[in-house]
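Structure provided below as structure tokens; questions to follow.
The values are calculated or read from the model by the stated rules, or taken from the named source; none is laboratory data. If you're wondering where the values come from, they're calculated on a predicted model, not measured in any experiment. Positions of Cβ are generated from backbone atoms using ideal geometry, with glycine treated the same way; all protein chains shown enter the neighbour counts.
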Amino acid sequence: MNDKQLQNFISYLIKNNHNVYSHREIGDEITIKKIETGKDFYLCPKRPLFSFKKLFLPPCQKMMVFKNNITTLNKSQNIKIVLLGLHFYDMKALTLINRVYRKDPHFQKKLRNAIIIGQSPVPAEMEDYQKFEKEVLEHLKFDIFLEAKSHGAQESFRIFTGSEDGQRLLDDFGYKDYENIEYVGPVPKKGLGPVNSMLIEKVRKSRGSKIWKELDKKCINCGKCSIVCPTCFCFKIKDEIKKDEILRTREWDSCFYEEFSEIAGGHKFLDTTEKRIYNWYDHKFVRIPEEYTMPGCVSCGRCTEVCPAGIDIRKNLKRIIEEN
Amino acid sequence: MKNPYGPIQAKIVNIEELSPINKLFTLQIKDNQIRNTFKFKHGQFFILSVPGFGEAPFGFCSSPTIKETFQVSVDKRGSLTSKLFELKKGCEVGIRGPYGNGFDQKKIKNKNLILVAGGCGLSPLRTIIQDANLHPEKFKNIQIFYGCRNPELLAFKKDYNKWNKNIEINLTVDTADETWKNNVGVVTDLLTSEKIKKDCVAILVGPPVMYKFVIQKLVELGLSDEDIYVSLERRMHCGIGICQHCALVNGNYVCTDGPLFSYAEIKDTPEGI
């Protein structure tokens, strides 16, 4: 598929009632925005600070409405969206969230109504990582994947499909030259692999060690890392009293906030920064890998970019590996 | 796909004031079909809500063998419980559940049972006590050790002399009044080798500070880590192992893997108790 065909395909999707979201570069900022025409699309190799997460798990989601003694469960509307140009690390994050939220009707409905189109161009620092990751397409949740291959001045793409929805859309558009990759489930045969298995042991062993005491002094508990992290999925449920109705909503929560672990009477189980930051790493590198046989961190580096205290997750992991 | 967050409507069919800060609510699920299929086990809990005042987890506190209604004992502590205190007979609340893995009764087959409770911790244990009172053939001897701040706050006072001879209660308070004839001091004082029956399983429900000392005492008295069960209290929002509020560092969720854990399961878990 060449550039022109791809643009036509995107215009075709927009014409067929899909809301197409794609990476846009506005000034220095990369965001995920709705696009109006296929011409607006290009394969952006840069990473948006805010991931796709908010499209599937809105920061504040209405779950039910209470009005005149009647409870109405909110059913997410059938809005068809296309998520265009997802990088492999965000595809991995989405695959994980899909497992965690497998019984959640709100998330599942949104995912069912979404077409995920992944792309191979990634930020330069991720290229090495990606080569190693290529073979894992069969373990990722996607509908169509665009692999860029340079073809003179004109960009061209090898097209993979990962679902029947992806195939149907391409067939209907009139493009046949694709290769289908059968989704074989999220977990590779080799399981977690040596690096992630080693991290489980190292992080667990590091508990109570010097690094966490240092981070206790450094981290300011702002929770920004958990907001930008594509795999942070914690939430709280709360009620909101409006003028003539009451809403029960689900909102993003962060384990860096003190009240996250507070129980009636005021006791907090995660009562120090040291405990909270360890808990975050423990969840990503110990508990998620053990519960889902998938890493809880997709190495996107967003948390490092956003941290006002200069906490660098790669440096920390390197230290944890060396010191334990 | 079934919506796991949708509450079931339940009617308050009775309210009893057990102490100045505690009320016992008897609830009945409104929908006949749901009511007839609603079952819970010892050790399970449910999420109770009042629109506008949010949700919170509560232990059941009546025997699971009672079918038409179930009870919950509520201490007035926050905004939801304060709202519950304002509600009258006939009002409706939302419930969802039951949640938790429940307590496998096989674990106490042919064994004596020690129930150690502190403060409002007697409430969730009442599912067992009431069950044993109604169906004595299902249990061996039950010894309750219950500590409270003062005599006025003791839960289910009126029940004690109605329990059958297999259920023995031992009381202690931090501060006595002039009518008090029982022990004054901590609940650990009551646990002695002369007192406790041999070959027993213990279940503890109370504040974390109580667990530390009671577990130590029970281990000294010869109970194995596997035979000591503790109920963990954590903040919960979903009840189904997603929201992470009740996650333990050992990878367990209090909502789905607990809230009752054997001491063996959690003794090495940081911040477990």
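I want to confirm something. Restricting to the stretch B:146-187 and keeping residues that are of a type in the set (Gly, Ala, Ser) and not in a strand (DSSP E or B), which single residue is farthest from B:ILE129 (Cα to Cα)? So that I can check it myself, show each step before the final result.
Taking the stretch B:146-187 first, the residues of a type in the set (Gly, Ala, Ser) are B:147, B:155, B:176, B:185.
Remaining after also requiring not in a strand (DSSP E or B): B:155, B:176, B:185.
Working: B:ALA155: 13, B:ALA176: 25, B:GLY185: 24 Å.
Here the residue is B:ALA176.
Yes or no, residue by residue, for (1) at the interface with chain B (Cβ under 10 Å from one of its Cβ atoms); (2) of a type outside the set (D, E, K, R):
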| position | (1), (2) |
| --- | --- |
| A:GLU214 | no, no |
| A:ASN221 | no, yes |
| A:ARG248 | yes, no |
| A:THR293 | no, yes |
| A:PRO308 | no, yes |
| A:ASN324 | no, yes |
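Sticking with this structure for a sec: Sort out which residues of the stretch B:95-133 are free of Cβ contacts under 8 Å to residues at least 40 places away in the same chain and of a type in the set (Asp, Glu), and write them in order of number.
The answer is B:ASP104, and nothing else.
Go through (1) assigned to a strand (DSSP E or B); (2) polar (S, T, N, Q); (3) in the same structural domain as B:GLU16 (by TED's automatic domain parsing) and name the single condition B:THR81 misses.
(1)
Within the stretch A:280-291, how many residues turn out to be among the basic types (Lys, Arg), facing chain B (nearest Cβ under 10 Å) and in contact (Cβ under 8 Å) with a residue 24 or more places away in the chain?
The qualifying residues number 0.
Moving on to the next point. Tally up the residues in the stretch A:229-246 that are under 18 Å from A:LYS53 (Cβ atoms) and more than 10 Å from every other protein chain (Cβ to nearest Cβ), please.
The total comes to 3.
Restricting to the stretch B:43-65, what's the tally of residues that are in contact with a helix residue (DSSP H, G or I) (Cβ under 8 Å, 6 or more places away or on another chain), within 13 Å of chain A (Cβ to nearest Cβ) and not in a loop (DSSP other than H, G, I, E, B)?
Of the residues in the stretch B:43-65, 8 are in contact with a helix residue (DSSP H, G or I) (Cβ under 8 Å, 6 or more places away or on another chain), within 13 Å of chain A (Cβ to nearest Cβ) and not in a loop (DSSP other than H, G, I, E, B).
Among the numbered conditions (1) touching a residue at least 40 places away in the same chain (Cβ under 8 Å); (2) more than 27 Å from A:ARG248 (Cα to Cα), tell me where A:PRO48 comes up short.
Here A:PRO48 meets the rest and fails (1).
Let's see how each residue does on (1) crowded, with 21+ Cβ neighbours inside 10 Å; (2) polar (S, T, N, Q); (3) assigned to a strand (DSSP E or B); (4) assigned by TED's automatic domain parsing to the domain that holds B:ILE144:
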position	(1), (2), (3), (4)
B:GLU194	no, no, no, yes
B:LYS197	no, no, no, yes
B:ILE203	yes, no, yes, yes
B:GLN216	no, yes, no, yes
B:HIS237	yes, no, no, no
B:VAL249	yes, no, no, no
B:CYS255	yes, no, no, no
B:PHE261	yes, no, yes, no
B:ALA264	no, no, no, no
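Having 1 or more residues that are within 14 Å of another protein chain (Cβ to nearest Cβ) is the bar; report the helices (runs of 4 or more DSSP H) wholly within the stretch A:27-139 that clear it.
A:53-56, A:88-100, A:105-112
Looking only at the stretch A:269-279, which residues are within 10 Å of chain B (Cβ to nearest Cβ) and closer than 15 Å to A:GLU214 by Cβ?
A:LYS275, A:TYR278
Output the residues belonging to the stretch A:173-190 that are more than 27 Å from the chain's Cα centre (by Cα) and either on the phi > 0 side of the Ramachandran plot or in contact (Cβ under 8 Å) with a residue 12 or more places away in the chain (or both).
A:PHE173, A:GLY174, A:TYR175, A:ASP177 - these are the residues of the stretch A:173-190 that are more than 27 Å from the chain's Cα centre (by Cα) and either on the phi > 0 side of the Ramachandran plot or in contact (Cβ under 8 Å) with a residue 12 or more places away in the chain (or both).
Could you tell me which residue of the stretch A:182-230 is surrounded by the fewest Cβ atoms within 10 Å (Cβ to Cβ), considering only residues that are among the hydrophobic types (A, V, I, L, M, F, W, C) and assigned to a loop (DSSP other than H, G, I, E, B)?
So, considering only residues that are among the hydrophobic types (A, V, I, L, M, F, W, C) and assigned to a loop (DSSP other than H, G, I, E, B), the one surrounded by the fewest Cβ atoms within 10 Å (Cβ to Cβ) is A:VAL184.
Looking only at the stretch B:120-145, filter to residues that are outside any strand (DSSP E or B) and of a type in the set (A, V, I, L, M); which one of those is surrounded by the fewest Cβ atoms within 10 Å (Cβ to Cβ)?
B:LEU134
Another one. Got at least one residue in the stretch A:142-153 being assigned by TED's automatic domain parsing to the domain that holds A:PRO308 and among the small types (Gly, Ala, Ser)?
no
Can you say whether B:HIS245 is within 9 Å of chain A (Cβ to nearest Cβ), free of Cβ contacts under 8 Å to residues at least 12 places away in the same chain, in a loop (DSSP other than H, G, I, E, B) and buried (at least 20 other Cβ atoms within 10 Å of the Cβ), as far as the supplied structure shows?
Considered against the rule, which asks whether it is within 9 Å of chain A (Cβ to nearest Cβ), free of Cβ contacts under 8 Å to residues at least 12 places away in the same chain, in a loop (DSSP other than H, G, I, E, B) and buried (at least 20 other Cβ atoms within 10 Å of the Cβ), B:HIS245 comes out as yes.
Checking B:ASP31 against (1) more than 14 Å from every other protein chain (Cβ to nearest Cβ); (2) of a type outside the set (Lys, Arg); (3) closer than 28 Å to A:LYS75 by Cα, only one condition comes out false. Which one?
All conditions pass for B:ASP31, except number (1).
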